[in-house]
Amino acid sequence: MSMTITLPDHIQSWIDRQVAEGRYDTTDAVIANAVEQAMGGYRWEEDEDLLEAIAQADRGEVFEWTPQLRADIRRQSEENLKRGHVVSDDIKY
């Protein structure tokens, strides 16, 4: 099924960044994820982990999500896996 939508510029920019930074493969995947969360009744304002992450970002406690940082995380997870440490699926894929 195909659908055409018009989004405000700030939303389109955010979606484009999600794809450019490798968080999603396509713009369709970003939108589908957002709709699925809305359908599930997800309430971000009750998500303690998310609220803490937002607070950390507000305090400037962030790392720029660069290709080098991603490579470093992957390399470290591979080393940890070789040592027998459990590596989260979030890191593996």
Fully extended contour minus Cα-Cα distance, from S77 to E61, at 0.36 nm per residue: 3.6 nm
Report the residues of region 56-83 in range of a label on L7: point 7 Å along Cα→C-beta, backbone N strictly under 20 Å from it. 65
Can you list the DSSP H helices in the chain whose Cα atoms extend at least 27 Å along the helix axis and whose mean Kyte-Doolittle hydropathy is 0.5 or higher? none
Could you tell me which residue out of I5, I54, T26 lies farthest along the dipole of region 1-62 toward its positive end? Charges go on the beta carbon: Lys and Arg +1, Asp and Glu -1, centred on the Cα centre. I5
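Within the chain, which is the longest segment containing none of the trypsin sites (Lys or Arg not before Pro) that sit in a DSSP loop and have at most 11 other Cβ atoms within 10 Å?
1-42
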Running a GNM on the chain with Cα contacts under 10 Å, which residue among V62, V30, V19 ends up with the highest mean-square fluctuation? V62
With Cα springs under 10 Å, the Gaussian network model of the chain assigns the largest mean-square fluctuation among D25, D16, D49 to D49
Given (1) 1.10; (2) 1.02; (3) 1.07, which label gives Rg/Rh (Cα atoms, Kirkwood Rh) as computed from the coordinates? (2)
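Rule-based calculations on the coordinates, nothing more; no lab input. Computed from a predicted structure; not experimentally measured. Positions of Cβ are backbone-derived with ideal geometry, glycine not excepted, and every protein chain shown enters the neighbour counts.
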